[in-house]
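Student: What follows is a single structure, and I will ask about it in a moment.
The values are calculated or read from the model by the stated rules, or taken from the named source; none is laboratory data. Only a predicted model underlies this, so the values are computations on that prediction, with no experimental measurement involved. Every residue, glycine as well, gets a Cβ built from its backbone with ideal geometry; the counts of neighbours run over all protein chains shown. Heads up: the accessible areas ignore ligands, DNA and RNA and are worked out on the full protein's heavy atoms, side chains in. Shrake-Rupley method; radii C 1.70, N 1.55, O 1.52, S 1.80 Å.
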Amino acid sequence: MVENRPTLDRVAAAAGVSRMTVSNAYNRPDQMSATTRQHVLRVAASLGYSGPDPAGRSLRRRRAGTIGVLLTEQLPYAFSDPGLVSFLQGVATELRDAGQAMLLLPAEGNQQYSLVRNALVDGFIVASLAPRDQAVLDVVQRRLPLVTWGNLRLPGVPRVGVDNTKAAQLAGKHLIGLHHRRFGVITFGAGMIPEEAKITEEEMPDADTAAAFDVPGTHLVMRQRVLGFRRALADAGIAADAIRVIDASANSRKAGEQAMNELLTGPHPPTAVFGVTDVLALGALASAAKAGIDVPGDVSVVGFDDIDDAARSTPPLTTVAQGLLDQGRWAARLVLDAVAGGDTPVPQIRADLVIRTSTSAI
């Protein structure tokens, strides 16, 4: 069967044309007449020949036309987390405009299946992994153009993302300005930080700190947000015992609802709650609604990300917007420019507080 497999040479012989003509019919149709191309494709179809091998063609051109996006979570998470969906939509939009494709690669399973090493891509976008994750090391060893997104910082590598510590301070300052004095924080994935920890935004993402915490990169982002929120409260003279942090079981509405239940049934319920993601904050809104607690009359709620559902919630959610769609577009733009040999400056991504009706003065 291997001997009878259709090849470019067999198609050329059957069609009475050269190998180059057959190749052009698939790869450079503008260099031949429509009649000749139709004849070649008709003969190829009769022989069961579907065209040159894409992998071989990519090797010859030294271009795959594809950018790999390495994810810290399992692959299904890319389609369930609204913040990640927004980022990937930005990446996909920019790649579409450039005529390129996107390949999603989960870090989980990388070692077993060598996903990164075998990926046929021109460059990588690495999303919120820890610096010493084996998948990150594999990406670096590929020596292809690389951009990181989120907390991950690598020497000499462009990074797209907000300063999470400073961004979360916006939420804290907003609630302090509304005269709140008892606070709850809903985080997830080891996002809690001891009060005595003295950790700066610059220190949090580096390799040594990541190894010391021994947590995935996404969780370092959540730590930064908790740190920033607590720092804003501390700067305003709020005592540590006025802040209760709940580590939710996952970044989901259900987990956010359960964490809010715990906050509301404690001995001193907070008058303001910060969810380190909008998903958790929306879960907090659901908990308050089921308990008959008015938002914002009885408790104010602030989120982080400004996903689409934040503006549609009841009440509409006050949140820290970080332009996830634009971040995705910038990440793709930077890696494509690097593939082309360019050196586009990395933009400063700014976070802004979007005030809606889930917060009010106490």
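Student: Please compute the per residue accessible area over the chain with all protein chains in place, 1.4 Å probe, rounded to a whole number of Å².
Tutor: 48 Å²
Student: Using each residue's phi in the range 253-269, evaluate 6.51 cos²θ - 1.76 cosθ + 1.60 at θ = phi - 60° and report the 3J(HN,Hα) Karplus result to the nearest Hz, with x for Gly and Pro.
Tutor: Running phi through 6.51 cos²θ - 1.76 cosθ + 1.60 with θ = phi - 60° gives 5, 4, 5, x, 5, 5, 5, 5, 4, 5, 5, 6, 9, x, x, 10, x Hz.
Student: Determine the share of the range 285-362's accessible area contributed by carbon and sulfur atoms, expressed in whole percent, with a 1.4 angstrom probe. All intermediate terms of the calculation are to be shown ahead of the outcome.
Tutor: On the way: 1810 of 3620 Å².
Whole-percent figure for carbon plus sulfur exposure: 50.
Student: Would you calculate a helix-derived [θ] at 222 nm for the chain, using -39,500 (n - 2.57) for each DSSP H run of n ≥ 4 and dividing by the full residue count, to the nearest 500? Before the final figure, lay out each step's value.
Tutor: Values: 15 runs with 158 residues, N = 362.
Rounded to the nearest 500, the figure is -13000 deg cm²/dmol.
Student: While we're on this one: Positive end of the dipole of the chain, charges at C-beta (+1 Lys, Arg; -1 Asp, Glu), about the Cα centre: which of 332, 121, 279 has its Cα farthest in that direction?
Tutor: 121
Student: Would you mind checking which residues have amide H under 5 Å from residue 359's amide H? H placed 1.01 Å from N; only 5 or more apart, or other chain.
Tutor: Answer set, sorted by chain and number: 301, 318.
Student: Assign unit charges at the C-beta atoms only (+1 for Lys and Arg, -1 for Asp and Glu), then state the dipole size of the range 226-362 relative to its Cα centre in Debye, rounded to the nearest 20. Could you put the intermediate results ahead of the total?
Tutor: Numbers: 11 positive and 16 negative charges, 17 e Å.
Computed charge dipole of the range 226-362: roughly 80 debye.
Student: Could you pull out every residue, at least 5 positions away or on a different chain, whose amide H is within less than 5 Å of the one on residue 103? Hs are placed 1.01 Å off N in the peptide plane, and Pro or chain starts have none.
Tutor: Excluding prolines and chain starts, which carry no amide H, the hits are 67, 68, 69.
Student: So, with +1 on the Cβ of K and R and -1 on the Cβ of D and E, and no other charges, what is the size of the charge dipole of the chain about its Cα centre, to the nearest 20 debye? List each step's numbers first, then the result.
Tutor: Numbers: 36 positive and 37 negative charges, 278 e Å.
Taking the Cα centre of the chain as origin, the dipole is about 1340 debye.
Student: Taking 7 Å along the Cα-to-C-beta vector as the label spot, tell me the residue 142-residue 18 distance in nanometres, rounded to one decimal.
Tutor: 3.6 nm
Student: Based on the Cα gyration tensor of the chain, what are the three equivalent ellipsoid semi-axes, each the root of five times an eigenvalue, rounded to whole Å and given largest first?
Tutor: Working through the eigenvalues yields semi-axes of 51, 21, 17 Å.
Student: Then there's this: Which residue, 283, 237, 161, has the most motion in a Gaussian network model of the chain that connects Cα atoms within less than 10 Å?
Tutor: With Cα springs under 10 Å in the chain, the top fluctuation among 283, 237, 161 is at 237.
Student: Also, quick follow-up: Can you tell me the orientation of helix 164-177 relative to the chain, as the angle in degrees between its alpha-carbon axis and the longest Cα principal axis, to the nearest 10?
Tutor: Rounded to the nearest ten degrees, it is 30.
Student: Name the residues whose placed amide hydrogens come within less than 5 Å of the amide hydrogen of residue 244, ignoring near sequence neighbours (fewer than 5 apart) on the same chain.
Tutor: Counting only residues 5 or more places away or on other chains, the set is 183, 184, 185.
Student: From the phi of every residue in the range 115-123, what ³J(HN,Hα) in whole Hz does the Karplus formula 6.51 cos²θ - 1.76 cosθ + 1.60 yield, where θ is phi - 60° and glycine or proline is x?
Tutor: 4, 5, 5, 9, 5, 8, 9, 9, x
Student: Starting at the first residue of the range 94-101, write each ³J(HN,Hα) from the Karplus equation 6.51 cos²θ - 1.76 cosθ + 1.60 with θ = phi - 60°, in whole Hz, x for Gly and Pro.
Tutor: Here the 3J(HN,Hα) series is 5, 5, 4, 4, 9, x, 10, 10 Hz.
Student: To continue, here is another question. Please determine, in degrees from 0 to 90 and to the nearest 10, the orientation of helix 324-339 with respect to the longest principal axis defined by the Cα atoms of the chain, where the helix direction is its Cα long axis.
Tutor: On a 0 to 90 degree scale, this one is about 40.
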